[in-house]
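Bear in mind these aren't lab numbers, they're just calculated from the coordinates by the rules spelled out. All figures in this text were calculated on a predicted structure; none of them were measured in a lab. Using ideal geometry, Cβ is built from the backbone for each residue, glycine included, and neighbour counts are taken over all protein chains shown.
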Ligand SMILES: [Zn+2]
Ligand SMILES: [Zn+2]
């Protein structure tokens, strides 16, 4: 659990504090599949800027997730660059001017990082943007074996029935 104690930084208006941190990421459940961060700990840069009216927090890091491709179920590796921003007003009178990650003067960096990655995930996680997926007819991987199936020929058993009906 990575956190940052704002009171220790003792920033005055106009001052900026930059801190290199290690952020631990959890595994993510997405579309019924599990995506694991590799590595689990990533280097991150936290920038805290004090303004007269409040404090701006910036968190930059890159997460790398491993898990199944949405289309072909092969291995997919997803790089998720994060540039997150939060703001805490000095005297907040509005929910929008507070960050949910600040608790008793301590910034909950791990929670923030986890939510930022979850928000940044694409609609579909693919092994590559043009993944061809699995064949709907035979289930083979179309990336390994590109193929098409000829249109279904009429079933010979039906042809026999047709012939029989013509005789009646
Ligand atoms: Zn794929
Ligand atoms: Zn096929």
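Summary of values
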| item | result |
| --- | --- |
| Residues 30, 61 arranged by fewest to most Cβ contacts within 10 Å | 30, 61 |
| Cβ-based exposure ranking for 166, 111, in which fewest neighbours within 10 Å come first | 166, 111 |
| Inter-site label distance for residue 106 and residue 12 at 7 Å from Cα along Cβ, in nm | 2.8 nm |
| nm² value of the averaged projected area, convex hull over the Cα atoms of the stretch 14-66 | 4.6 nm² |
| Which of 164, 134 has the fewest Cβ neighbours within 10 Å, and the rest in rising order | 164, 134 |
| Prolate/oblate/rounded call for the chain, Cα gyration tensor, a/c under 1.5 rounded | prolate |
| Centroid-to-centroid separation of the stretch 1-68 and the stretch 76-122 [C-alpha atoms, Å] | 8 Å |
| The chain: relative contact order as a whole-number percent, Cα under 8 Å and 6+ apart | 20 percent |
| Gain upon complete extension [residue 79, residue 29; 0.36 nm per residue less C-alpha separation] | 16.4 nm |
| Cα-based shape type of the stretch 22-98, given that a ≥ b ≥ c are square roots of the gyration tensor eigenvalues and the cut on a/c is 1.5 | prolate |
| Over the chain: helical MRE at 222 nm, DSSP H runs n ≥ 4 each giving -39500 (n - 2.57), nearest 500 | -5000 deg cm²/dmol |
| Highest to lowest packing among 9-19, 73-83, scored as the average C-beta count within 10 Å | 73-83, 9-19 |
